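The values are calculated or read from the model by the stated rules, or taken from the named source; none is laboratory data. From a predicted model like this one, the values you see are computed outputs, not experimental measurements. Cβ: placed from backbone, ideal geometry, glycine included. Neighbour counts: every protein chain shown. What goes into the accessible areas is simple: the full protein's heavy atoms, side chains included, and nothing from ligands, DNA or RNA. Shrake-Rupley method; radii C 1.70, N 1.55, O 1.52, S 1.80 Å.
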Amino acid sequence: MRWDLFCNVVDNLGDIGVSWRLARQLAAEHRAVVRLWADDLATFRRLVPALDPGAEVQSLGGIEVRRWVTPFAAVEPADVVVETFGCELPAPYVEAMAARARPPVWINLEYLSAEPWVGGCHGLPSPHPRLPLTKFFFFPGFAPGTGGVLIEKGLAARRLQFQSDTDGVTRFLASLGVPPRAQGEQLISLFCYPQAMVAALLDTWATVGHPVRALVFAGTAAADVLAARGLAGRGRASGLAVQVLPFLSQDDYDRVLWSCDWNFVRGEDSFVRAQLAARPLVWQAYPQAGNAHRLKVEAFLTRYLEYAGHVTSANLAMLWAVWNGFAPADGLAAAWTACTGPKYPELAQRWQQSLAGPGDLAGNLAKFCAERL
């Protein structure tokens, strides 16, 4: 099948990150011919350094990448059209979809959520009010009856092989400029939005009682805090060593997540990849007015903590609440200290194994569309 994926880059890296992973997986595993339309190639390039942000059309890994511009030039629509995260398709393109003898399967790929209502809305049709077209809502999720999350074939095996090779992990980190671990050192990745209480977290790690090395990424909120503290690049504050890494490709970012003991992540793409890393994580949801994102955080924790004991649940829920601004900041140190035991890696591993339950998002989507073609 021929696919057109449209991505309006509104959340910096999350939207295009999910779109690029989906495009890659459809092409690699489902013999799809994919065109990916993106309106911000400069941001896209941060994930794919080989991309030319000035090109109107280019091919990357067998995927045709096109700049999404206005006015939109006339093209033949694909068999499947995916608008990611509610982006609005160009009007001329929609008219061309309706003019086809056999209209494309039109998908609105929604944001990931663990909220209970998602299963009831997944796959619902929405007829166009004027044209002979139907749009289907496709919801990623964690429960049966949803679209699942993006999990490439063989991913778990590759991760386990990587994580079991201690020397290989050390060599990979050394290629990024990260020195071998000190005795008892905890390695933590930190990727967050500007609203996060980064300074308080760094202070906590500096006094936690064992060495911590924090890995942050250039051009992000955490890197800005380090620069303000005079710790840009590489520095040390008491028991804390900090290091700014260059912004990485998706595959290398995955390996960083696999290498760390804990991962602080944000948004959607890094959130899912941290779960697949089978390492303890702390998620910062995209902040919304009136703390509307609290429902998303609590809905996910409700599912996640079904795999944990009572004490583990309370401590981790408090840490997530503080990090997302739902609880007082002065509780951060106590919440983090309470979450350093062995139960949390075990919880992360059990949860990662559960993610295969609803099936893989790309596979579910390909099957859904093939049935309607």
Against the definition (of a type in the set (Phe, Trp, Tyr) and open to solvent by 70 Å² or more (accessible area, probe 1.4 Å)), how does Trp117 come out, yes or no? yes
Kindly check whether there is at least one residue in the range 135-143 that is surrounded by fewer than 18 Cβ atoms within 10 Å (Cβ to Cβ) and modelled with pLDDT under 95. yes
Can you tell which of Leu51, Leu109 is closer than 21 Å to Ser270 by Cα and in contact with a helix residue (DSSP H, G or I) (Cβ under 7 Å, 6 or more places away or on another chain)? Leu51
Output for the range 276-300, where each listed residue is crowded, with 20+ Cβ neighbours inside 10 Å and assigned to a loop (DSSP other than H, G, I, E, B): Ala277, Ala278, Arg279, Pro280, Ala285
I want to confirm something. Restricting to the range 203-224 and keeping residues that are part of a helix (DSSP H, G or I) and touching a strand residue (DSSP E or B) at 6+ places or on another chain (Cβ under 6 Å), which single residue is surrounded by the fewest Cβ atoms within 10 Å (Cβ to Cβ)? Ala206
Across the range 149-186, the tally of residues that are exposed (fewer than 14 other Cβ atoms within 10 Å of the Cβ), assigned to a helix (DSSP H, G or I) and of a type in the set (S, T, N, Q) stands at 4
Can you tell which of Arg372, Arg350 is open to solvent by 70 Å² or more (accessible area, probe 1.4 Å) and in contact with a helix residue (DSSP H, G or I) (Cβ under 8 Å, 6 or more places away or on another chain)? Arg350
Arg273 being free of Cβ contacts under 8 Å to residues at least 40 places away in the same chain and closer than 30 Å to Ala78 by Cα: yes
Please go through the range 313-336 and pick out each residue that is of a type outside the set (D, E, K, R) and surrounded by fewer than 19 Cβ atoms within 10 Å (Cβ to Cβ). Ser313, Ala314, Ala321, Gly325, Phe326, Ala327, Pro328, Ala329, Gly331, Ala333, Ala334
By my count, strands (runs of 3 or more DSSP E) wholly in the range 1-98 with at least 1 residues that are of a type in the set (Lys, Arg) and surrounded by fewer than 21 Cβ atoms within 10 Å (Cβ to Cβ) are 2-7, 33-38, 63-67
The range 225-259, subset assigned to a helix (DSSP H, G or I) and of a type in the set (S, T, N, Q), residue modelled with the lowest pLDDT: Gln250
